[in-house]
Each structure stands twice: as C-alpha cells, then as structure tokens.
Amino acid sequence: MSFCALYEEEKLRTLFFKSLSDIDISILKNLGIDCVLLDIDNTIKPYGAEKVEAVYAVWIDEARAAGINVILCSNNYRRNVEPIARQLGCDFVAFCLKPSPLGYFRAYMKSKTKIRRILIIGDQFFTDILGGKFMFIKTFLVDPISEESEGSTVKIRRMLTKPFTERIKNRENIYCKGSKKEK
C-alpha cells in the first residue's frame, strides 16, 4: 500500500482541539481508538507543576473507563514522569526523544494494539505531532495550557512551527463546535 493510500485510508490528518477536555471520549470510540499516547507538559499540566490539573485527570479516568488505554509519553526524565504516571495510574514512556519515533515505538509496544488504533495527543507540532507522523499514527493537537513557564527552546520551536500549527488550527474539524463545516 502506498503512503498516499495509507494517509487517506487512515485519515492521518491532525485535528485541533482547544484542550484535552474538549475531546469527547465518544470521538475516540468513533475513530476506533484503543490507546492514547498522551504528552504531559503543557498538555495535562503546566511546565514545572507537580500535579496534573483535575479536569485532565478526570478525562483520563473517563478514557480508561471506556476501555481506552492511556500511556503518558514525555521527553522528560523518568524521575519527573513516574510520579505523574503514578498519580494518574497510567503506564508511561519517559525520555521519548520526540520527534524521533523511538519513544512512540516503545509506547506502541507497551500498548499491545494495532498502530491504526492509537492516537497521539500533544501541544507541540515539532515534538508530538511530527513524531506521530513519523510513525503513521493519528494525532490531535491541543493548545498549550500555559506558555509562560516554557523554556526558550520550546518558545523558539513554537515560533518556527507556527505556520504549521496555524494550518492545523484552521483546518475543518467535524468534531469541534464552531468548526468551519458548522459555520
């Protein structure tokens, strides 16, 4: 099967949501998702925070209650990722080296599911979304929780990838209220 056929068949276009809490679990079920590879920093907690925001912890619980496995995937070190994973009762892959597909491949092996039934959710185009594209995994982009505490390298990456991010944000998303299709 050619890449173009795979792209169309699997609908690998990245969709945008304002936040993780805007992604209804029924969307994941509709897409046939069995596992979510979820970024941590600025997706479910602000940079530097020690706890996940309650609304995102509830979302993770709802996903798991619906039979969707959630694996946390972070470029951060194990000592920083493990307490968050323990707090949420999730499996995790630390030191993913995103956008390299190596960390996502490790998570895929842990998931014990087919790659077409996996979804990556994250706040950065360069790390989360591009890494997912390298693995031919469906991706959802969310706005960062807070850009204030981000390091300068993250801010530079956001500036350099802004055209790609804006293109995704302007794309039709049939699952979002206010989508271009609904207007």
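If we count GluC sites (Glu not before Pro) as exposed when they sit in a DSSP loop and have at most 15 other beta carbons within 10 Å, what is the longest stretch of the chain that avoids them all? Here the longest run is 51-146.
Grab the Cα-Cα distance for Phe134 and Arg157, subtract it from 0.36 nm times how many residues apart they are, and report the gain in nm with one decimal. Don't jump to the answer; show the numbers that get you there.
Numbers: separation 23, 0.36 × 23 = 8.28 nm, distance 1.79 nm.
Residue separation times 0.36 nm, minus the Cα-Cα distance, leaves 6.5 nm.
Would you mind computing, in nm to one decimal, how far apart the modelled labels at Thr113 and Arg79 are, each placed 7 Å from Cα along Cα→Cβ? Here the modelled spin labels are 3.3 nm apart.
Could you pull out the pairs from Lys138/Lys162; Lys112/Lys155; Lys112/Lys162 whose alpha carbons sit more than 32 Å apart here? From the list (Lys138/Lys162; Lys112/Lys155; Lys112/Lys162), the Cα-Cα distance tops 32 Å for Lys112/Lys155; Lys112/Lys162. Extending 7 Å from Cα along the Cβ direction at Asn170 and again at Asp24 yields two label points whose distance is 2.8 nm.
FYI, it's all coordinate maths here, none of it is from the lab. Everything numeric here is computed off the predicted structure, so don't read it as measured data. Neighbour counts run over all protein chains shown; Cβ positions are idealised from the backbone, glycine included.
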